[in-house]
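Below you'll find the structure, written out as structure tokens, and then a few comments.
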């Protein structure tokens, strides 16, 4: 692990049953790699009392049951013992260098009634709609985390020329599959929900299926590319990608 | 065994101990907001700890039991009556075949839990029977219960049968003894909510912090299973920067842009980008779940050692209670 990052790791209490392990405060692939590495390490080899951990851009929230942590005289609290356990894991773990190949391909119908904000983005950026589509779809994005609703991927990093900030007043209703931009992040709304992102298109792919073996289409660390499809092709893309 | 909902009440849902292990996919934990009351109700029916029960909110449900059943009611007192006669909280109750339970408005507190021997049998969703209202999954058809819904219970274990045989033989259909959740739960004597400073506690200056934990604030009407929205003196951070989204926990106290704290509860989103000034201690989560609009609360700063000690004590009380109940069951 990069020494500079190592020295900046802080483990903060989130009450008596959770801890936040912060690796930094910037959205960067190497920091996110560490978050995901610790998450996978803890899941593969959980300590007694571990419940689950939640990865985000730069931090991992670790949830545990304090009553399952055996008290130890050398620690002032059970939480202190968990902090120590985590520090040992961090020192010993292999950082997973996530593969940049094998990006998941997401078909998107851009603009029209599928992308009600594409026009707005065109005005904001001074670029044509075609240009925006080209720039959005040429980037290989990294999925940094899943949150907000089941399966919602937070992806980066969007080309600065089209990185329009989110709406001040969120929409009350955004259609499932909507592809949006919020600053340098892009994402997809898996289910209908309110939201403030600028909607530029829609994908027919299902991002979350509770009955599938792997419920989430995308996971943190994965690469992702969007590719434009025509409205009449929308219906053909209802299965999961290869 | 089945039972029919004759009147649903304000918000009645099937809940268990929550959906764990899927937060990394953005799936909320959900589950009983007052997990202690559900746990005790399950113990009083002889159920496994993860048996699903009903969570009733503000006004309770009216239920008809199609077969003889054993239930227990814990949490807020909703003036439960069986065939017109009042029934007490915090004891196992035998409901004869065809009997009807009616529940009214919560006299004090917000949520009442009904456990039933065998647990409520619905199709688990990602390993849990808790209802996820946003995702419209889990529980009974992923929604709040309504009039006409028929629910089934699971198979009975030996413990359930011991309870049923003993309680159904009593003249009143319930025992004279009762348990006292307040004593078990180690709640603060004046009902204050104890917290541990959150990760962004340092974003708030001393004056603001004092305003947070000395002033009374009120629970607003905008409170729900996602969070308790409070109103009081505005809490504004000194540091004006964005926080990158991170995982939250049950009882996390967030400060959104308007400076009015939100205590995140069962149906909270898995991640959030607002500063976390405080985190309620686990022992006070049941008390927080019993707050309703109009209630006034105060926060009290505490530390990790006290928080852990309270949980240990609570566990001891519950184990002692369980032993006591089992001893009573086995007496002839």
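The values are calculated or read from the model by the stated rules, or taken from the named source; none is laboratory data. Just so we're clear, the structure is a prediction, and the values are computed from it rather than from any experiment. Backbone-built Cβ (ideal geometry, glycine too); neighbour counts: all protein chains shown.
Test each condition in (1) within 16 Å of residue B:285 (Cβ to Cβ); (2) assigned to a strand (DSSP E or B) for residue B:266 and report the one that comes out false. Here residue B:266 clears every test but (2). Of all residues in region A:202-224, none are crowded, with 24+ Cβ neighbours inside 10 Å, more than 12 Å from chain B (Cβ to nearest Cβ) and touching a helix residue (DSSP H, G or I) at 6+ places or on another chain (Cβ under 6 Å).
Condition check: over 22 Å from residue B:35 (Cα atoms) and at the interface with another protein chain (Cβ under 8 Å from one of its Cβ atoms). Does residue B:301 satisfy that? So residue B:301 fails the test. Filter region A:225-242 down to the residues that are under 19 Å from residue A:187 (Cβ atoms), at pLDDT below 90 and surrounded by 12 or more Cβ atoms within 10 Å (Cβ to Cβ) and list them by number. Within region A:225-242, A:237, A:240 meet the criteria.
Just one of the listed residues (B:142, B:148, B:118, B:155) is free of Cβ contacts under 8 Å to residues at least 40 places away in the same chain, touching a strand residue (DSSP E or B) at 6+ places or on another chain (Cβ under 9 Å) and either farther than 15 Å from residue B:17 by Cα or outside any strand (DSSP E or B) (or both), namely B:142.
None of B:31, B:46 is within 14 Å of chain A (Cβ to nearest Cβ) and either farther than 18 Å from residue B:123 by Cα or under 14 Å from the mean Cα position of the chain (by Cα) (or both) except B:31. Residue count for region B:46-102 under the criterion of being in contact (Cβ under 8 Å) with a residue 12 or more places away in the chain and part of a loop (DSSP other than H, G, I, E, B): the result is 28. The requirement of being in contact (Cβ under 8 Å) with a residue 60 or more places away in the chain, under 30 Å from residue B:273 (Cβ atoms), more than 13 Å from chain A (Cβ to nearest Cβ) and in contact with a strand residue (DSSP E or B) (Cβ under 6 Å, 6 or more places away or on another chain) is fulfilled somewhere in region B:188-200, by at least one residue. Assess whether residue B:34 counts as being closer than 30 Å to residue A:191 by Cα, touching a strand residue (DSSP E or B) at 6+ places or on another chain (Cβ under 8 Å) and modelled with pLDDT of 95 or more. When the stated conditions are applied, residue B:34 passes them.
State all residues of region B:271-298 that are within 26 Å of residue B:56 (Cβ to Cβ) and either within 13 Å of chain A (Cβ to nearest Cβ) or free of Cβ contacts under 8 Å to residues at least 40 places away in the same chain (or both); if no residue qualifies, say none. Let's see the steps before the verdict.
Filtering region B:271-298 down to residues within 26 Å of residue B:56 (Cβ to Cβ) leaves B:280-297.
Within region B:271-298, B:280, B:281, B:282, B:283, B:284, B:285, B:288 meet the criteria.
Can you find even one residue in region B:90-103 that is closer than 21 Å to residue B:285 by Cβ, at pLDDT 95 or above and away from chain A (no Cβ under 14 Å)? Give the derivation first.
Filtering region B:90-103 down to residues closer than 21 Å to residue B:285 by Cβ leaves B:90.
Now narrow it down to the ones that are at pLDDT 95 or above: B:90.
Next, from what is left, pick out any that are away from chain A (no Cβ under 14 Å): B:90.
Checking region B:90-103: at least one residue is closer than 21 Å to residue B:285 by Cβ, at pLDDT 95 or above and away from chain A (no Cβ under 14 Å).
Hey, does region A:25-42 have a residue that's at the interface with chain B (Cβ under 10 Å from one of its Cβ atoms), farther than 30 Å from residue A:158 by Cα, surrounded by fewer than 20 Cβ atoms within 10 Å (Cβ to Cβ) and touching a strand residue (DSSP E or B) at 6+ places or on another chain (Cβ under 7 Å)? Taking every residue of region A:25-42 in turn, none turns out to be at the interface with chain B (Cβ under 10 Å from one of its Cβ atoms), farther than 30 Å from residue A:158 by Cα, surrounded by fewer than 20 Cβ atoms within 10 Å (Cβ to Cβ) and touching a strand residue (DSSP E or B) at 6+ places or on another chain (Cβ under 7 Å). Of the residues contained in region B:223-239, one or more are found to be more than 23 Å from residue B:28 (Cα to Cα) and within 13 Å of another protein chain (Cβ to nearest Cβ).
Criterion first (touching a helix residue (DSSP H, G or I) at 6+ places or on another chain (Cβ under 7 Å) and free of Cβ contacts under 8 Å to residues at least 40 places away in the same chain) does residue B:235 satisfy it? Step through it out loud before you land on a result.
Details: touching a helix residue (DSSP H, G or I) at 6+ places or on another chain (Cβ under 7 Å): yes; free of Cβ contacts under 8 Å to residues at least 40 places away in the same chain: no.
So residue B:235 does not fit the description; no.
Of all residues in region A:43-52, those satisfying the criterion of being at negative phi, more than 7 Å from chain B (Cβ to nearest Cβ) and surrounded by 15 or more Cβ atoms within 10 Å (Cβ to Cβ) are A:47, A:50. When region A:1-24 is filtered for residues that are buried (at least 20 other Cβ atoms within 10 Å of the Cβ), in contact (Cβ under 8 Å) with a residue 60 or more places away in the chain and assigned to a strand (DSSP E or B), the ones remaining, listed by number, are A:13, A:19, A:21. Considering region B:120-137, the residues that are within 9 Å of chain A (Cβ to nearest Cβ) and at positive phi include one that is surrounded by the most Cβ atoms within 10 Å (Cβ to Cβ), namely B:126. Is region A:67-88 home to any residue that is within 14 Å of chain B (Cβ to nearest Cβ) and assigned to a strand (DSSP E or B)? Looking through region A:67-88, none of the residues is within 14 Å of chain B (Cβ to nearest Cβ) and assigned to a strand (DSSP E or B).
Could we say that residue A:171 is surrounded by fewer than 20 Cβ atoms within 10 Å (Cβ to Cβ) and either under 25 Å from residue B:248 (Cβ atoms) or modelled with pLDDT of 95 or more (or both) here? I'd like the intermediate steps shown before the answer.
Details: surrounded by fewer than 20 Cβ atoms within 10 Å (Cβ to Cβ): yes; either under 25 Å from residue B:248 (Cβ atoms) or modelled with pLDDT of 95 or more (or both): yes.
Yes, satisfied.
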